[in-house]
């Protein structure tokens with residue numbers, strides 16, 4: 001029997017009839033609550049200045065209607081699931097007279113004790129009930145004492161109810177709840193992920209949208225995700241609110257529900273508002289390309305400097321996204337996008353984040369000063385410096401290992417190496433050089449990373465020679481090469497001498513004529529680091545390049561100019577010195593461009 005529960009004393013028959021009409025209204029299964037029901041409840045509250053409460057099941061049926069006084073309404077006990085890792089399957093929607101949509105302590109206590117799917121409060125606008133707003137809360141897990149924790153979201157306008165996709169929100173909540181339950185731990189499975197790319201405007205980029213989406217798949221799998229599907233949407237321009245448009249978002253929400261998707265990754269950087277809107281509409285975690293790369297870097301960082309640089313990049317990315325409570329802050333279940341030193345900063349206010357950023361920059365500056373000391377020492381001793389640069393997974397670490405007989409971590413995956421590694425390289429002319437393996441580049445490398453890794457990238461700026469490693473077995477090796485040059489230009493290293501090293505030639509088809517074409521390119525060498533093909537030619541070419549940088553000369557310094565000898569110790573490498581009657585005979589290795597300074601003291605060149 002349908003009845004109105006609670007305090008019905010003094011209510012007129014037309015109000016009772018209006019309350020009973022709520023039973024006849026139904027909410028679409030994917031909606032939190034319909035705008036029609038909210039306005040209906042708000043009008044009743046305005047008329048009688050009492051709280052109105054309804055219970056809904058997951059099919060959108062109204063199970064119970066009750067009314068209280070101006071402060072609270074008693075909630076009846078309704079049957080629902082009571083599994084330890086499940087929510088009850090019932091959601092509670094009630095009004096707050098006076099326009100305050102914030103949930104009270106009693107509301108949150110009822111949510112936790114009854115394990116409702118959610119608890120929503122409608123702040124009723126007495127003058128314009130149709131302009132009422134609401135907020136809601138969901139259970140997010142358990143604290144250290146075994147008590148259920150809840151997170152509140154809002155304030156939401158009524159039009160936002162059209163975009164919220166309730167089944168995915170509840171599913172995400174139940175996954176987090178089960179993951180924190182001692183008796184029903186979820187199996188640690190990869191996050192089921194769908195990828196989304198938008199093709200818009202005039203496509204004049206070197207990379208097609210399909211190519212970029214495929215690279216995003218590799219990035220997602222590198223981060224540990226299981227890619228379920230890829231979607232490519234075409235529009236004249238991005239939608240300012242939902243990036244791909246409301247219609248496509250609804251399709252993605254249904255797909256996420258059907259395929260039990262945990263994560264959606266977009267192949268463009270989303271604005272904070274777009275990310276928040278998409279997470280509300282999809283009901284699952286949403287990341288963009290930048291956040292995904294930051295997550296991979298967080299996994300790869302091993303040294304203290306690398307961890308500081310990643311945390312700095314994460315905080316710089318997070319700062320503009322601190323918008324107060326919202327779905328974008330509900331990443332309490334861990335996983336992709338929440339790892340690394342910055343994971344605890346999602347709910348930290350802007351001031352604390354800015355303070356942390358300033359502190360990390362100070363720490364990195366100290367590391368940068370140490371690097372400068374090391375570089376000045378190498379410059380004094382005329383030790384040439386070589387930097388390996390290239391697209392991620394081009395084979396830089398493998399090449400470093402075979403040239404220097406090292407055992408640096410190497411693997412066939414994107415960003416396998418993050419922290420820069422420096423080793424001593426023995427050249428064929430018996431000289432020694434410093435060989436540094438730098439972080440791999442990628443198209444649209446996040447600006448936060450470039451800024452955070454400035455001290456590391458300075459190794460590239462101070463190198464005497466850049467060895468650009470190119471994976472010629474990749475179908476897009478030319479586009480990857482162009483992406484590297486764009487990053488080099490961005491960090492101010494475009495004028496550095498570059499030796500192009502075409503790697504992985506062993507993977508080229510035997511009948512390919514590409515190899516002969518590559519060999520004809522000036523300042524280039526074709527090799528296979530893994531098969532150790534062409535390494536002698538590479539070392540000889542590197543030696544020739546470095547010989548152009550420094551020369552070995554003999555000088556005779558008169559005793560009257562003995563101060564010159566001290567300057568030579570500072571700016572060059574003194575190989576030998578002999579005190580003769582005419583002066584000090586010195587054999588010195590100096591930079592070729594500094595020969596003019598010592599011209600009058602030269603004996604031979």
Exercise for review: Could you tell me what percent of the DSSP beta bridges with both partners in the range 4-179 are antiparallel, to the nearest 5?
Suggested key: 75 percent
Practice item. Give me 465, 87 ranked fewest to most by other Cβ atoms within 10 Å of their Cβ, as a rough exposure proxy. Key: 465, 87
Revision key, fill the gap. Nearest-0.05 FRET efficiency for residue 373 and residue 125 at R0 = 51 Å, using Cβ-Cβ distance, is 0.20
Revision key, fill the gap. Ordered by fewest other Cβ atoms within 10 Å, a rough proxy for footprinting exposure, 143, 9 read 9, 143
Review point. Of the listed peptides 131-141, 506-516, 397-407, what is their order by residue-averaged count of other C-beta atoms within 10 Å, with the highest listed first?
Key: 131-141, 397-407, 506-516
Point to revise | Cα gyration tensor shape of the range 256-313, rounded if a/c is under 1.5, else prolate or oblate by comparing a/b with b/c | key: prolate
Review point. Classify the range 382-547: rounded, prolate or oblate, from the alpha-carbon gyration tensor (a ≥ b ≥ c, eigenvalue square roots; a/c under 1.5 rounded; otherwise prolate if a/b is larger than b/c)?
Key: rounded
Practice item. Quote the FRET efficiency, to the nearest 0.05, computed for residue 551 versus residue 585 with a Förster distance R0 of 25 Å and r equal to the Cβ-Cβ distance. Key: 0.90
Practice item. Rounded to whole Å and ordered largest first, report the semi-axes of the equivalent ellipsoid of the range 491-578 derived from its Cα gyration tensor (root of 5λ). Key: 43, 14, 10
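Where a number appears in this text, it was derived from the coordinates with a stated rule and is not lab data. Not measured: the values here are computed from a predicted model. Reconstructed Cβ throughout: ideal geometry from the backbone, glycine too, with neighbour counts over all protein chains shown.
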